1. Please count how many residues of the range 254-283 are open to solvent by 10 Å² or more (accessible area, probe 1.4 Å) and either part of a loop (DSSP other than H, G, I, E, B) or among the aliphatic types (A, V, I, L, M) (or both).
2. What's the number of the only condition in (1) in contact with a Leu (Cβ under 7 Å, 6 or more places away or on another chain); (2) in contact (Cβ under 8 Å) with a residue 24 or more places away in the chain; (3) among the basic types (Lys, Arg) that Arg314 fails to meet?
3. Among (1) more than 10 Å from the ligand (Cβ to nearest atom); (2) part of a helix (DSSP H, G or I), which single condition is Thr72 missing?
4. Can Val236 be described as without any contact (Cβ under 8 Å) to a residue 60 or more places away in the chain and not charged (D, E, K, R)?
5. Evaluate the range 218-238: report whether one residue or more is open to solvent by 50 Å² or more (accessible area, probe 1.4 Å), farther than 30 Å from Ala115 by Cβ, within 16 Å of the ligand (Cβ to nearest atom) and in a loop (DSSP other than H, G, I, E, B).
6. When you check Thr288 against the structure, is it buried (at least 22 other Cβ atoms within 10 Å of the Cβ) and either of a type in the set (S, T, N, Q) or within 19 Å of Val226 (Cβ to Cβ) (or both), yes or no?
7. Has the range 58-65 got any residue that is modelled with pLDDT of 95 or more, within 17 Å of Gln38 (Cα to Cα) and among the acidic types (Asp, Glu)?
8. With the requirement that a residue be over 13 Å from His6 (Cα atoms) and of a type in the set (A, V, I, L, M), what does the range 42-61 give you?
Amino acid sequence: MSRLLHVVGARPNFMKVAPLLRAPSPHPVEHILVHTGQHYDAAMSETFFRDLGLPAPDVNLGIGSGSHAVQTGKMMADLEPVFDRYAPDWIVVYGDVNSTLAAALVAAKKALKVAHVEAGVRSFDRSMPEEVNRVLTDQLADLCLTPGISADRNLRREGIPDERIRAVGNVMVDTLLALRPGAAKLQVPEQMGVAKGDYAVATFHRAGNVDDASTLTALLGGMSHVARTMPVLFLVHPRTRQRIKDFGLEQHAAGVRLLDPVGYLETIGLVERAALVLTDSGGLQVETTILGVPCLTAPPNTELTETVESGTNRLVAPTVEGIAAAFADVRRQERAASPPARPALWDGHAAERIVALLS
Ligand code: UD1
């Protein structure tokens, strides 16, 4: 029996771990779920556990917010005794959040084997905390489990040997395909009072976008421009809400509906029927690719080039003019009758491949 200890902490981790806990395995496996508590608001954590059918974590460290150093340091100190207690065969870490790097670093120093799910994705922008977390986690991981060949290429360029790299596919797609029918049943657009196919969904939370007053002002202005044509539902991350308040930018969001974050099923239910998504979220870039929904991504770089190559995702400068021009283009283009071909290995079976490898 292999024991896999999964470390998650923030919203985008939860949809990535869910399919692994459910995946059939050729050999017996035991799963231990550890939540660092990096995200703790019900809307950022509990709702996702419920929507994704996740079991209650075996351990919740309740770390909470703090500077990067404080948050990462506290996580490391508290993860160490947990790893000692469970002595797992593999520590499995996800994505690019501070919890990911903290767990990988503790495990590597204790000579525990680390598998990194969603390895190799790169923005090539080291000013992003997520990029630092990714690069370092991949260097530490014994097994880099990538969503596809562009990520494999990035890892080789950084000197990671082939025997540590496995292309397994995109676990977010596993979750999306499994939960999409349930999300559609909720009739979210009707609940929110918008007409199917005639509204935009927006999310922005990256530090580079929201911690800078002029960039955040421009993003709000861009959303406000779109709101003159169709309703814009802005699902506001707690960090972003705080910044709008700190900088006093409410008046720049004229016409935009500022809403609290919603759960996974509601998000998917909304996005599936949207005319457009405006975002800086890596997850939404993947989800719009599979659902065939036009997506405008700011800042103008993406970790997942597949989403741009497949035709739904477009990178835009975080300016009112940049967003307005891209929006006009989207309005001009006839929407394809069916979603584009899915990138290779984005087939809903990534988690099975991972569990087969680790077990
Ligand atoms: C983190 C990840 C980011 C991911 C994002 C998804 C890092 C470096 N960043 O960013 O990659 O895309 O999660 O949401 O790990 N806050 C709350 N309630 C919560 C959590 C946070 O109010 O439940 C507020 C606090 O003011 C906190 C701030 O949001 O200081 C930022 O939270 P933090 O976990 O540091 O980073 P995120 O911006 O959420």
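The values are calculated or read from the model by the stated rules, or taken from the named source; none is laboratory data. Fair warning: this is a prediction, and the values are worked out from it, not measured in the lab. Cβ placement follows ideal geometry from the backbone for every residue including glycine, while neighbour counts extend to all protein chains displayed. The protein model used for the area step is the full one, side chains on, heavy atoms only, and it has no ligands, DNA or RNA in it. Shrake-Rupley method; radii C 1.70, N 1.55, O 1.52, S 1.80 Å.
1. Here the count works out to 12.
2. (2)
3. Of the numbered conditions (1) more than 10 Å from the ligand (Cβ to nearest atom); (2) part of a helix (DSSP H, G or I), the odd one out for Thr72 is (1).
4. The answer is yes for Val236.
5. no
6. In short, yes.
7. Yes; the residues of the range 58-65 include at least one that is modelled with pLDDT of 95 or more, within 17 Å of Gln38 (Cα to Cα) and among the acidic types (Asp, Glu).
8. Hits for the range 42-61 are Ala42, Ala43, Met44, Leu52, Leu61.
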